[in-house]
Amino acid sequence: MDNDLIDEINFEIQLLLKIGFYSEEEIIEIIDDEFIEEDIPQEKLLELFSSNMESFESPMNDSDDFLNLKNSFLNLSKNHNILTIHNAGYDVEEGIADAFELFTHLRNNKYEVDGFCFYSFEDIEQAIDENILSIAFGDFEYDEEKCLNIAKVVRDELISNGFTINWNETIDERIEIENFNWQKSYETKEYSMDGALDDFIELNNKED
């Protein structure tokens, strides 16, 4: 392995550690998939991961910003029937696909879901690099008025949790949370699609 490849792998491992959603096994699997054409021996991946773990200063706690975001998402699901997804797919397109897949499952199980909001892997990268976290939003009926109303509910909930928002109040622009401090400690709690589904069902559990 040349030094450029090692540097690239080390960068990706450090990024995945900073994001805070992935276990050791998941990180190694992601790196293995990303660099599959390089045919890197598993022992070498484990060695690089261990080296990065030694130098990585894992945060003891989540930042206030992440905790407030988490609270915002829970409130949106509980009080407004908005499906909220942390770390939804790699980019916006994958995040939307994830939202519609979850919507189909929830609707088939008689849950009322009015809309969605999420941020993707790429958005976390932006939050780490630029302290801006972009939140995508939408409805499931391709209704522009409903979509805009959902976005306003999301905006208001974020503001109520202390965030400074940049948004032009159109459906063509995502909501940006300014000055966002991304700090996430790893925990075994599910996020992404599984976590979004579990949270929505728990918060909207229906009595038989």
Exercise. In terms of Cα to Cα distance under 30 Å, which lysines are near enough to Lys189, apart from those fewer than 8 places away along the same chain?
Worked result: Lys18, Lys44, Lys70, Lys78, Lys110, Lys152, Lys206
Exercise. So, in nm, how far is label Glu112 from label Gln42 when the simple model puts each one 7 Å beyond its Cα toward the Cβ?
Worked result: 5.0
Exercise. Which value, in Å² rounded to 10, gives the accessible area of His80 with a 1.4 Å probe and all protein chains present?
Worked result: 70
Exercise. Comparing Gln183, Gln126, Gln42, which has the greatest mean-square fluctuation in the GNM of the chain with Cα pairs linked when under 10 Å apart?
Worked result: Gln42
Problem set entry | GNM result for the chain, Cα springs below 10 Å: residue of Lys184, Lys70, Lys110 fluctuating most strongly | Lys110
Exercise. At a 1.4 Å probe, what is the % contribution of carbon and sulfur to the accessible area of segment 60-204?
Worked result: 41
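Counting DSSP beta bridges in segment 1-155, what percent are antiparallel, to the nearest 5? Please report the intermediate quantities before stating the final value.
Working: 4 of 8 bridges.
So the antiparallel bridges amount to about 50 percent of the total.
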Exercise. Taking the alpha-carbon centroid of each part, what is the distance from segment 108-147 to segment 56-71 in angstrom?
Worked result: 20
For this session: Would you look at the GNM of the chain, springs on alpha carbons closer than 10 Å, and say which of Asp39, Asp98, Asp129 moves the most?
Result: Asp39
Exercise. Given labels modelled 7 Å from the Cα in the Cβ direction, how far is it in nm from Leu15 to Asn181?
Worked result: 2.4
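Could you report the chain's accessible area per residue, 1.4 Å probe, as an integer in Å²? Display every interim value, and only then the final one.
Details: 11430 Å² over 208 residues.
Dividing the accessible area of the chain by its residue count gives 55 Å².
If I take every Cα pair under 8 Å that is 6 or more residues apart in the chain, average their sequence separation and divide by the length, what percent do I get for the relative contact order?
On the way: 282 pairs, mean separation 53.9, N = 208.
Relative contact order here is 26 percent.
The values are calculated or read from the model by the stated rules, or taken from the named source; none is laboratory data. A quick note: this is a predicted structure, and the numbers were derived from the prediction, not measured. Note that we place each Cβ from the backbone using ideal geometry, even for glycine, and neighbour counts take in every protein chain shown. Accessible surface areas use protein heavy atoms only, side chains included; no ligands, DNA or RNA. Shrake-Rupley method; radii C 1.70, N 1.55, O 1.52, S 1.80 Å.
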